[in-house]
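Worksheet: one structure, shown below.
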Amino acid sequence: MCGIVGYVGPQNATDVVIEGLRRLEYRGYDSAGLSVRRPEGHVTLKRSGKLKNLEDALEATPLAGAHAIGHTRWATHGPPTDRNAHPHVTEDTRVALIHNGIIENHQALRERLNGAGHVFTSDTDSEVLVHLIEEAYDGDLSDAVRAALRQVEGAYAVVVSHADHDELVVARMTSPLVLGYGEGETFVASDVPAILKHTRRVSYLQDGQVATLRPAGIQATDLEGHPQELEIDTIDWDLEAAEKGGWPHFMLKEIYEQPQVLVNTLSDRLSQSTGDANLNLTLDPSAIDRIVIVAAGTASYAGEVGRTLLERWARIPTTVEVASEFRYANPIVDARTLVVAVSQSGETIDTLEAVREGIRHGARSLAILNSKGSSISREVDDIIDIHAGPEIGVASTKAYVAMVTVFAMLALHFGRARGALSLEEGQDRVAELKRLPNLVADALEGRPAIAAAARSLAEARSVLYLGRGVHVASAKEGALKLKEISYVHAEAFPTGEMKHGPIALIDAAVPTVAVATDGPLTGKTASNLQEIKARGGRVFAIATRGADGLDGAADVRLDVPPVEDALAPVVVAVPLQLLAYEASVALGRDVDQPRNLAKSVTVE
Ligand code: M6R
């Protein structure tokens, strides 16, 4: 969740690290800090609040040096204050450390270290690491880091600097770290955008690996000190993809990127002649009896749409499990179960552990991901890349529509392979899938009307989101978008559930957003919406252009173009995203970095 950057080389290390942190601030943003190594010790500056506070402090006190480490924090242990910000430094300033993750046995270690005379200066779990390294240090920093890490339980990505050495020692267990190779310089970061300006050549550190970064190169070992090979990858996307490029917010840029993202997601995977999708899977579709989708947040709502698609098109029984529950549920899965992990970042710890749990029980595994080289990608039998490009806004948008589209291709492929879809049915679906980029572009045209509706939502006490069938998931996704970036309370229900309780909430200050595209149950939805209006509730309906089945049941219609029902979540995602975006802007919220959240949730 935290952002980590480290640099060893001839450039001004502070500049390299601060610029990298700026590109990682989406990961966590409640405090930031930097340590620069000098032979006499480390000079450290830390500030609570956003990175800007640290940058302002650095303007007053510039810190130059040839190697530096920096961190943006998302607090777990101890409030986001200056003293709890990283780096943590020993009393004599000789060792400095930054950490992402949670050290689970920190309490016991802290008590022992206190007893041995170590003085703690923060409330964090991370600080035990710097004292353990100080205790173990005998002239060789990587030896000391390995010795320290052998005593800890939990998750970590750590970067350690010692005043005696022109090197950084880094290590990983569960939390991500990417290493970068330049000419006479090396880099480490939590994510690629932090270092992409300097190099495209990277290695993804693996669990249990410890690496030493020097200007001339990088060497790795395991925790026992045995040498390890690092695979070098080349990043094939450009930094502009992770920049705002004139847009006021990353979220808006990413919403408008969706037509192109869908072109990339579909790429050359569809065949009109065979009515099938080629996803390059090793899995034999006839070798499974059921599917379990594991994911968190928006990815789990994409999974809920995926369940409908897999059941309707491929006739495979499918369930969606919230990853943080599944991992502890002793799940009933076997070798004829396919566990599908869905994740934009590929680093969400709950999703990673959930898919591991499925694999431990003998299930086949597949991951739908947006991140090459991510932790989840290394665990599974098959991967489908959603090709959404870097998503920086904390609210997931383009990744969601790309995930749903991948599920549609998976359902098509399984449906064709298992005989649930005829050639003609497959061809119809291929044709409909190919229309998605244009349909999403069309839906974006509705922004002015959506912005006006959003201003009403911004004033609401609470907003109810409703949907039937595949749009139960759309309603959940719409409600999550609104609450996470505008802080307006929102809840989602299946439309037919209203009369079983939630309708008691309806009054003039509690509007309803009904996802009500045209379908066999539109008449029933219309009745439910009339029941809301009869109780003084205002109804905003996302409806199919030209369809009149709602029969005047909406106060405000936000129309989207007609599309096959099972694919409609891709199109209705646009007004749902824009409603949340415009409400957030109207309320003056921090759209891209909403309070209390982080983009990549690598702790439990
Ligand atoms: O990286 P992941 O897709 O695994 O992330 C899962 C959720 O944390 C994420 O979708 C979260 O709910 C977003 N903030 C929603 O906009």
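The values are calculated or read from the model by the stated rules, or taken from the named source; none is laboratory data. Every value quoted in this text rests on a predicted model; they were computed, and no experiment measured them. Glycine also receives a Cβ, built like all others from the backbone with ideal geometry; neighbour counts cover every protein chain displayed. These accessible areas exclude ligands, DNA and RNA; they are computed on the full protein's heavy atoms, side chains included. Shrake-Rupley method; radii C 1.70, N 1.55, O 1.52, S 1.80 Å.
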Taking the Cα atoms of segment 445-604, report the difference between the largest and smallest coordinate on each principal axis, in whole Å and largest first. 43, 34, 33
How big is the gap, in Å, between the Cα center of segment 445-513 and the Cα center of segment 558-604? 12 Å
Protection proxy ranking of 518-528, 325-335 - average other beta-carbon atoms within 10 Å, highest first: 518-528, 325-335
Taking R0 as 56 Å, what FRET efficiency do you get between Lys197 and Ala116 from their Cβ-Cβ distance, rounded to the nearest 0.05? 0.85
Give the distance, in whole Å, between the Cα centre of segment 300-339 and the Cα centre of segment 355-424. 12 Å
Sorted by mean Cβ packing within 10 Å, highest first, what order do the peptides 401-411, 3-13 take? 401-411, 3-13
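Taking the radius of gyration and the Kirkwood hydrodynamic radius from Cα positions alone, what is the Rg/Rh ratio for segment 331-407, to two decimal places? Could you put the intermediate results ahead of the total?
Details: Rg = 12.3 Å, Rh = 12.6 Å.
My calculation puts Rg/Rh at 0.98.
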Can you tell me which lysines have their Cα less than 21 Å from the Cα of Lys50? Leave out same-chain residues fewer than eight positions away. Lys244, Lys599
Put a dot 7 Å past each Cα toward the Cβ at Ala241 and Arg461; how far apart are the dots in nm? 4.7 nm
Residue-normalised accessible area of the chain, expressed per residue, 1.4 Å probe, Å²: 36 Å²
Report, in whole Å, the centroid distance computed from the Cα atoms of segment 115-143 and segment 170-238. 24 Å
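Of all accessible surface on the chain at a 1.4 Å probe, what whole percent is carbon and sulfur?
Working: 10450 of 21820 Å².
Looking at the chain in its full context, I get 48 percent from C and S.
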Reach of Lys52 by Cα under 19 Å, taken over aspartates and glutamates that are not fewer than 8 positions away in the same chain: Asp15, Glu19, Glu25, Asp30, Asp82, Glu243, Asp590, Asp592
In nm², what is the average projected area of the convex hull enclosing the Cα atoms of segment 35-83? 3.8 nm²
Computed over the Cα atoms of the chain, the Rg and Dmax in Å are 25.3, 79
For segment 3-240, rounded, prolate or oblate, judged on the Cα gyration tensor with a ≥ b ≥ c (square roots of eigenvalues), a/c < 1.5 rounded, else prolate if a/b > b/c? rounded
Please give every one of the lysines within straight-line cross-link reach of Lys499, meaning a C-alpha to C-alpha distance under 28 Å, and leave out same-chain neighbours fewer than 8 residues apart. Lys476, Lys481, Lys483, Lys524, Lys533
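Looking at segment 247-441 from every direction and averaging, what is the projected area of its Cα convex hull in nm²?
Mean projected area for segment 247-441: 9.9 nm², to one decimal.
So how do 47-59, 79-91, 561-573 stack up, highest first, on mean other-Cβ count within 10 Å? Write out the running numbers ahead of the final one.
Values: 47-59: 16.4, 79-91: 20.8, 561-573: 22.9.
My ranking of the peptides, most packed first, is 561-573, 79-91, 47-59.
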